[in-house]
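Visitor: Sending over a structure as structure tokens; questions will come in a sec.
Values in this text are rule-based calculations from the coordinates and carry no lab data. In this text, all values refer to a predicted model and were calculated from it rather than measured experimentally. Cβ atoms come from the backbone with ideal geometry, glycine included; neighbour counts cover every protein chain shown.
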């Protein structure tokens with residue numbers, strides 16, 4: 001019984017500190033890249049996604065683009081205004 005509880009405790013500690021969900025990275029190449037006529041107004045990171053609020057300098061339209069942090073590929077794009 002004690003050995004079983006000890007094994008469960010070790011397993012729980014191992015899973016808590018051994019998080020391979022996101023590895024540390026120094027750079028991320030976005031595909032497609034953010035165009036030069038767009039300005040980044042805000043960004044937010046949630047789990048394995050990064051959300052950018054972008055504004056078009058030409059017509060003041062706004063977008064939210066979501067990229068995957070693992071591979072940098074565009075997940076969604078929503079036009080706000």
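Visitor: Roughly how tilted is helix 2-17, in degrees to the nearest 10 and between 0 and 90, from the longest Cα axis of the chain?
Guide: Around 20 degrees separate the two axes.
Visitor: Which residue, 11, 43, 63, has the most motion in a Gaussian network model of the chain that connects Cα atoms within less than 10 Å?
Guide: 11
Visitor: Pairs of Cα atoms under 8 Å, at least six residues apart: use those to get the relative contact order of the chain, whole percent. Intermediate results must be reported in sequence, preceding the final value.
Guide: Working: 110 pairs, mean separation 17.7, N = 81.
Dividing the mean separation by the residue count of the chain yields 22 percent.
Visitor: What ranking do 64, 13 get, fewest neighbouring Cβ atoms within 10 angstrom at the top? Numbers along the way, then the final one.
Guide: Values: 64 16, 13 10.
By the 10 Å Cβ count, ascending, the order reads 13, 64.
Visitor: Among 26, 57, 48, determine the one that fluctuates most according to a GNM of the chain built with springs between C-alpha atoms less than 10 Å apart.
Guide: Highest fluctuation among the options: 26.
Visitor: Please arrange 61, 27 by how many other C-beta atoms lie within 10 Å of their C-beta, fewest to most. Write down the numbers at each step before the final one.
Guide: Values: 61 13, 27 5.
If I rank by nearby Cβ atoms, fewest first, I get 27, 61.
Visitor: Can you give me the three principal axis dimensions of the chain from its C-alpha atoms, in Å, biggest first?
Guide: 69, 24, 16 Å, listed from the longest principal axis down.
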